[in-house]
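Take a look at the structure below.
The values are calculated or read from the model by the stated rules, or taken from the named source; none is laboratory data. What you are looking at is a predicted structure, and each value in this text was computed from that prediction instead of being measured. Note: ideal-geometry Cβ built from the backbone for every residue, glycine included; neighbour counts use all protein chains shown.
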Amino acid sequence: MKSVKLPRRENTLWRHPDFMKLWTGQTISEFGTQFSLIALPLTALYVLHARAFAVAALTIFEQLPFLLLALPAGVWVDRLPRRRILVVGDIARALALASIPIVYATGDLHIWQLFAVAFVVGVLTVFFDVAYQSYLPSLVERDQLVEGNSKLQASASVAQLAGPGVAGPLIKLVTAPYAILVDVTSFFASSAFVFSIRRPDVAPERQEGESAGMRRELMEGLRYVLRNPHLRAIAACTANSNFFGNVTFAILFVYFVRRLDLSATLIGVMLACSNLGLLVGAFTAGWIGRRFRVGRTLLWSAIAVGPSLLLIPAAPTAFPVPVLVAALMLFGFSGVVYNITQISLRQAITPERLQGRMNSVMRFIVWGVLPLGALLGGLLATTIGLRTTLLIAGIGGSLSWVPIAFSPVRSLISVPHFEPQPAPTIEPAPVGGIVVGPPADA
């Protein structure tokens with residue numbers, strides 16, 4: 001009997017117009033972000049002549065909202081249409097950042113305005129990031145999550161590769177505050193692409209009796225993450241890496257400028273070269289996960305955190321650039337491979353109705369430590385010195401792999417496909433309980 005060859009099902013996201021719009025918008029936004037990433041601390045350093053702790057405080061103000069607002073943000077993301085949150089978040093961040101070059105042009109720019117803008121952008125980013133990671137599983141199929149996350153990370157890596165190399169010379173040409181206008185433009189462009197997505201923008205489906213108040217919905221998300229051994233191990237590993245990584249990165253520009261005497265142009269070129277690690281990681285993460293298994297991929301990418309951070313203070317002051325590029329390249333490569341793998345795992349095992357809360361709990365844990373790391377970095381840098389602080393951060397980051405090594409994650413062969421879980425029956429809140437409504441600072 002002659003066999004019949006069935007046509008291959010076209011399952012690539014290249015033919016998914018709505019994903020392509022999301023992808024394009026994020027690519028533009030990521031490119032613009034590279035300008036603010038360099039321009040904000042250099043505005044503090046060169047224009048306002050801020051001290052090391054004040055520069056670290058910029059990071060604290062931007063990341064503090066993840067500690068304060070990530071948990072309630074997840075509840076709201078599970079209640080509201082997620083695409084709408086993305087559009088509003090992009091536009092509002094553009095307006096906040098635009099205030100810096102406007103006020104600088106009048107000659108009244110102050111470090112406290114940078115702190116305020118950093119905090120406002122941080123608040124908006126909390127809601128945007130939780131909605132963004134929760135939106136992808138509703139836009140593509142579950143078996144397309146790794147491809148989707150890889151593509152999004154690949155474009156982000158390309159932006160991070162090209163952005164700093166352009167940002168450095170532009171900052172030198174037009175000054176740091178005006179270079180922020182590139183990021184402002186990128187946010188407006190991103191919002192336009194996301195707004196043009198044709199898939200209906202509806203809130204996640206909720207079962208009868210599920211709306212029982214902010215506190216109960218929040219606790220359901222917390223229980224889901226903390227009782228799941230895979231999510232619990234990933235949260236612990238990522239939190240440790242983020243905490244000690246931010247001890248490093250909160251003072252990194254100060255170290256570059258005041259200890260190594262690097263110019264803005266050289267910093268931009270160096271970051272662009274080191275971001276090759278991000279690009280390689282984005283393009284190879286899927287293959288690495290299939291070839292070496294998901295558990296081993298997560299374990300070994302976590303192990304690489306410590307050596308990459310320790311290489312930074314080990315760089316010789318006479319000719320530091322090659323060692324710094326190698327350190328940042330290793331950190332970026334391992335981080336991207338780790339993130340694509342663990343985010344795809346988290347999205348695949350979480351029911352649609354809990355995506356927002358799962359992501360917000362994870363954000364609260366793994367991003368909530370960022371301002372604490374920045375605070376410690378700033379305090380240590382002013383008391384024991386920049387290089388000693390970087391050494392301590394590298395030693396602490398070397399422990400990031402431990403939670404993965406002693407959890408079921410280590411033995412995972414591939415991203416599992418768990419069956420969606422039904423919503424639990426939740427009794428109505430008693431009289432005098434938590435009232436369903438927007439948070440006070442909404």
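A few points about this structure:
- Flag if LYS172 is among the charged types (D, E, K, R), under 17 Å from ALA272 (Cβ atoms) and touching a residue at least 60 places away in the same chain (Cβ under 8 Å): yes
- Inside segment 138-148, residues that are out of contact with any Gly (no Cβ under 9 Å at 6 or more places or on another chain) and crowded, with 20+ Cβ neighbours inside 10 Å make up a count of 2.
- Any hit, segment 156-174, residues being in a helix (DSSP H, G or I) and among the polar types (S, T, N, Q): yes
- Filter pass, LEU266 being surrounded by fewer than 24 Cβ atoms within 10 Å (Cβ to Cβ), part of a loop (DSSP other than H, G, I, E, B) and either among the acidic types (Asp, Glu) or at pLDDT 85 or above (or both): no
- SER134 being of a type in the set (Ser, Thr, Tyr) and farther than 22 Å from TYR224 by Cα: no
- Selection within segment 394-422: residues that are aliphatic (A, V, I, L, M) and either surrounded by 20 or more Cβ atoms within 10 Å (Cβ to Cβ) or modelled with pLDDT under 90 (or both). The member of this set that is nearest to ASN228 (Cα to Cα) is VAL409.
- The listed residues are LEU64, LEU42, LEU68, and the only one of them that is aliphatic (A, V, I, L, M), out of contact with any strand residue (DSSP E or B) (no Cβ under 6 Å at 6 or more places or on another chain), over 11 Å from LEU114 (Cα atoms) and free of Cβ contacts under 8 Å to residues at least 12 places away in the same chain turns out to be LEU68.
- Residue in segment 176-196 that is at positive phi and either over 15 Å from the mean Cα position of the chain (by Cα) or crowded, with 21+ Cβ neighbours inside 10 Å (or both) present: no
- Filter result for the condition that a residue is in a helix (DSSP H, G or I) and at pLDDT below 90, over GLY356, GLY335: GLY356
- Pick from segment 59-101, criterion of a type in the set (Gly, Ala, Ser) and over 20 Å from PHE195 (Cβ atoms), ranking: surrounded by the most Cβ atoms within 10 Å (Cβ to Cβ): GLY74
- Selection status of TYR135, within 22 Å of ALA348 (Cβ to Cβ) and of a type in the set (Phe, Trp, Tyr): yes
- Which listed residue is touching a residue at least 24 places away in the same chain (Cβ under 8 Å) and not in a helix (DSSP H, G or I), from THR317, THR284: THR317
- No other residue among ALA326, ALA393, ALA348 is over 29 Å from PRO164 (Cβ atoms), small (Gly, Ala, Ser) and in a helix (DSSP H, G or I) apart from ALA348.
- Remark: LEU399 falls outside the filter, which requires a residue to be under 30 Å from ASP78 (Cα atoms), in contact (Cβ under 8 Å) with a residue 12 or more places away in the chain and either part of a helix (DSSP H, G or I) or not small (Gly, Ala, Ser) (or both).
- Yes/no for LYS21 being at pLDDT below 90 and either surrounded by fewer than 21 Cβ atoms within 10 Å (Cβ to Cβ) or over 25 Å from ALA179 (Cα atoms) (or both): no
- Qualifying residue in segment 102-114 (condition: assigned to a helix (DSSP H, G or I), among the β-branched types (Val, Ile, Thr), buried (at least 24 other Cβ atoms within 10 Å of the Cβ) and in contact (Cβ under 8 Å) with a residue 24 or more places away in the chain): no
- Residues located in segment 375-393, provided they are surrounded by fewer than 24 Cβ atoms within 10 Å (Cβ to Cβ) and over 23 Å from the mean Cα position of the chain (by Cα): LEU379, LEU380, THR382, THR383, ILE384, GLY385, LEU386, ARG387, THR388, LEU391, ILE392
- Test: residue in segment 244-260 that is farther than 22 Å from VAL323 by Cα and touching a residue at least 24 places away in the same chain (Cβ under 8 Å): no
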